[in-house]
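Peer 1: Here's a structure for you.
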Amino acid sequence: MSVDPFLAALRTRLPGLRLLTDEVDRESHRLDETSYLEAGLPCAVAVPSTTAEVVELVRLAAEFRVPIVPRGAGSGLSGGAAGIEGGLTIAFTKMDAILEIDRDNLVAVVQPGVINARLKAAAAAQGLFYPPDPASYEMCTIGGNLGTNAGGLCCVKYGQTRESVLGLEVVMADGTVIRTGGKNIKDVAGYSLTHLIVGSQGTLALITEATLRLRPAPPPRSTLIAFFGSLQAAGAAVAAIARAGLSPVTLELMDRFTIGAVDEMHALGLDRDAAAMLMVESDLPGVAAKDELDRARVACETAGATLVVAASDPQEADWLRQGRRAAYHALERLGTVVMEDVGVPRARIADMLAAIERIAAEHAVRIGTFGHAGDGNLHPTFVFDRDDPRAAEVTEAARVDLYRAAVALGGTITGEHGVGLSRRDHLELQRGPDAIRVMRAIKTALDPLGLLNPGRVI
Ligand SMILES: Cc1cc2nc3c(=O)[nH]c(=O)nc-3n(C[C@H](O)[C@H](O)[C@H](O)COP(=O)(O)OP(=O)(O)OC[C@H]3O[C@@H](n4cnc5c(N)ncnc54)[C@H](O)[C@@H]3O)c2cc1C
């Protein structure tokens, strides 16, 4: 790979392009939030502002055989946007226009660099709601959310990002631009390329525009928190809420270690002695919300909750939600963290929590567990003393045990963060060799030179 002629060609063919080549800029694009990974230093970071520039970048990269890493805000937790040595990172942060909020069709058309929170606010200003809600919503981009099929706090009711996407404009590996869908709610014309590309972490195509589904804004949420004497009781409550046919907008869990860390950071007055806490929210209108939370309360109490309290007002509910969103950063204050993302069918949550406890004991490692329990998606987070020499070795061994436990329960090695680089070598454990062969065939067909985010996912 010859880098200098490549950079020269970029400058000649795209004279108006913002191209960052200083070492400090390239270094700041080496890693995403998966800071424990070893990643490469890009030869440059291109910051295009139009689809036409992206097309030219892809064509030039193909000509010079330079790998491409698409990147949004770099908040990913699988190394999907981490640099490749000598590769070209394309940061979509300047393609950040909300092109249209179409009230008649309840859709938004956006560029990939739009921050999730900005789209939510723009939709809310029109009485509408964009549901996908990763805890990182104030920093992450729609392109990154599409790249990872991001989840978050309200997937339990509204689904992952994929459920809110109607169509994409994408640049393929040879520079062809295609549209995979549009404003139609129903559209079964051909293979669903939208569904294939969402979640593919930039390995199949680069997303340059998205048509997203909006909903009428739901009423303000009502919030309940329940504390439990054991993780298993909290897990049983999650299963009981599902069994009761309830559909809360949020059903989140924190274990004792995480409750303590969050309360230390935010002083919310949480019960630090409890083994686990569930946060349940309803966005149903009026008395229906009360009814839903009353039934959730019964499910929690029947499962053995030691204390169940309703948030006294929207402000308190907001503090609790912010506290839950801050779980990762609260644990980060205690040491070096490695966050995992296993998922299980939600009736198996109690079993997964028991497996996490066992794995923590067997590897003598502190694990703070929190996550989207209503989806069966948990984030067991290893916390090491900053100078712990065992960190890398223990992580490697313990995460394999986590993956095995999740897969044995019919679950997944990653519910929402993606395989990226960090879980690539474990994908076969879950999917098996035949499915990986099919994935490889798709990758080769769409990216024969293997230049779109190579070495990620498969
Ligand atoms: C504190 C914290 C909380 C988080 N909470 C959640 C959560 O609740 N739920 C959740 O799902 N995730 C969560 N995340 C992870 C992360 O925020 C999400 O994965 C998010 O979707 C990444 O968006 P980003 O803009 O940072 O993308 P990046 O990290 O830059 O990229 C993510 C992936 O998408 C690809 N990509 C980016 N843009 C494009 C594009 N235009 N075309 C094609 N591919 C592209 C990249 O190559 C990469 O593989 C959290 C992270 C942090 C730090």
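The values are calculated or read from the model by the stated rules, or taken from the named source; none is laboratory data. As the structure is a prediction and not an experimental result, all values here were calculated from the model. Quick reminder, even Gly has a Cβ in these numbers, built from the backbone with ideal geometry, and neighbours come from all protein chains shown. We work out accessible area using only protein heavy atoms, side chains counted, and drop any ligands, DNA or RNA first. Shrake-Rupley method; radii C 1.70, N 1.55, O 1.52, S 1.80 Å.
Peer 1: If you roll a 1.4 Å probe over the range 96-164 with all protein chains in place, what percent of the accessible area is carbon or sulfur?
Peer 2: Here carbon and sulfur together make up 48 percent of the probe-accessible area.
Peer 1: Still on this structure, please answer the following. Listed highest first by mean packing, meaning other Cβ atoms within 10 Å per residue, what order do 276-286, 23-33 come in?
Peer 2: 276-286, 23-33
Peer 1: Take each of the peptides 309-320, 202-213, average the number of other beta-carbon atoms within 10 Å over its residues, and list them starting from the highest.
Peer 2: Details: 309-320: 14.8, 202-213: 24.7.
Final packing ranking: 202-213, 309-320.
Peer 1: Right, another one. Using the Cα centre of the chain as the reference point, and only Cβ charges (+1 on K/R, -1 on D/E), how large is the resulting charge dipole? Debye, rounded to the nearest 20.
Peer 2: 1000 debye
Peer 1: Give me, ordered by chain and number, the residues 5 or more places off Ser28 or on other chains with an amide H under 5 Å from its own placed amide H.
Peer 2: Close amide H contacts, sequence-distant or interchain: none at all.
Peer 1: Could you tell me what percent of the accessible area of the range 203-279 is made up of carbon and sulfur, with a 1.4 Å probe and every protein chain present?
Peer 2: 50 percent
Peer 1: Next up: In whole percent, and with a 1.4 Å probe on the protein chains, what portion of the accessible area of the range 391-454 is carbon and sulfur?
Peer 2: Details: 1690 of 2960 Å².
Solvent-exposed carbon and sulfur of the range 391-454 make up 57 percent of the total.
Peer 1: Given contacts defined as C-alpha pairs under 8 Å and at least six residues apart, what's the relative contact order of the range 26-131, whole-number percent? Present the calculation step by step, with values, prior to reporting the outcome.
Peer 2: Working: 188 pairs, mean separation 28.5, N = 106.
RCO, the range 26-131: 27 percent.
Peer 1: Towards the positive end of the charge dipole of the chain, with charges on Cβ (+1 Lys, Arg; -1 Asp, Glu), say which of Gly245, Met352, Leu278 has the farthest Cα.
Peer 2: Gly245
Peer 1: Among Thr12, Phe92, Leu77, whose Cα projects farthest towards the positive end of the dipole of the range 6-92, with charges put on the beta-carbon of Lys, Arg (+1) and Asp, Glu (-1)?
Peer 2: Result: Thr12.
Peer 1: Local charge sum around Asn145 (other residues, Cβ-Cβ under 11 Å, Lys/Arg +1, Asp/Glu -1)?
Peer 2: Numbers: positive: Arg162; negative: Asp133, Glu416.
After counting each charged neighbour, the total is -1.
Peer 1: Could you pull out every residue, at least 5 positions away or on a different chain, whose amide H is within less than 5 Å of the one on Val249? Hs are placed 1.01 Å off N in the peptide plane, and Pro or chain starts have none.
Peer 2: Glu281, Ser282, Asp283
Peer 1: Would you mind working out the accessible area per residue for the chain, using a 1.4 Å probe, and quoting it in Å²? Please list the in-between numbers first.
Peer 2: Numbers: 18400 Å² over 458 residues.
Accessible surface, normalised per residue, equals 40 Å².
Peer 1: Would you please classify the overall shape of the range 1-117 from the alpha carbon gyration tensor, given that a ≥ b ≥ c denote the square roots of the eigenvalues, rounded means a/c under 1.5, and beyond that prolate means a/b larger than b/c while oblate covers the rest? Please report the intermediate quantities before stating the final value.
Peer 2: Values: a/c = 2.46, a/b = 1.35, b/c = 1.82.
Verdict is oblate for the range 1-117.
Peer 1: To continue, here is another question. Cα-Cα over 32 Å: which of Lys120/Lys186; Lys186/Lys290; Lys183/Lys443?
Peer 2: Lys186/Lys290
Peer 1: For the full complex of protein chains and a 1.4 angstrom probe, list Phe129, Phe6 by accessible area with the highest value first.
Peer 2: My answer, sorted largest first, is Phe129, Phe6.
Peer 1: Here's a follow-up. Can you run phi through the Karplus equation (6.51, -1.76, 1.60; θ = phi - 60°) for the range 90-96 and list ³J(HN,Hα) in whole Hz, with x for Gly and Pro?
Peer 2: 9, 8, 8, 5, 8, 8, 10
Peer 1: Report, for the range 1-121, the % of DSSP beta bridges that are antiparallel, rounded to 5.
Peer 2: Beta bridges within the range 1-121, antiparallel portion: roughly 50 percent.
Peer 1: After finding the eigenvalues of the alpha carbon gyration tensor for the chain, what semi-axes result from the square roots of 5 times each, listed largest first in whole Å?
Peer 2: Equivalent ellipsoid semi-axes, largest first: 37, 26, 20 Å.
Peer 1: Could you check what % of the DSSP bridge pairs in the range 53-204 are antiparallel, to the nearest 5?
Peer 2: On the way: 8 of 12 bridges.
Bridges in the range 53-204 that DSSP calls antiparallel: roughly 65 percent.
Peer 1: How large is the helix-only mean residue ellipticity at 222 nm for the chain, computed as the sum of -39500 (n - 2.57) over DSSP H runs with n ≥ 4, divided by its residue count, in deg cm²/dmol to the nearest 500? Working shown, then result.
Peer 2: Working: 15 runs with 167 residues, N = 458.
-11000 deg cm²/dmol, from helical runs alone.
Peer 1: Turning to a different aspect of this structure: What order, most packed first, do the peptides 228-240, 174-186 have when packing is the mean number of other Cβ atoms within 10 Å of each residue?
Peer 2: Sorting 228-240, 174-186 by mean packing, highest first, produces 228-240, 174-186.
Peer 1: Anything in the chain that counts as a DSSP H helix reaching 30 Å or more along its axis (C-alpha) with Kyte-Doolittle mean of at least -0.5? List them, would you?
Peer 2: none
Peer 1: For the chain, build the charge dipole from Cβ charges (+1 Lys, Arg; -1 Asp, Glu) around the Cα centre, then report which of Tyr137, Ile367, Val262 sits farthest towards its positive end.
Peer 2: Highest projection toward the positive end goes to Tyr137.
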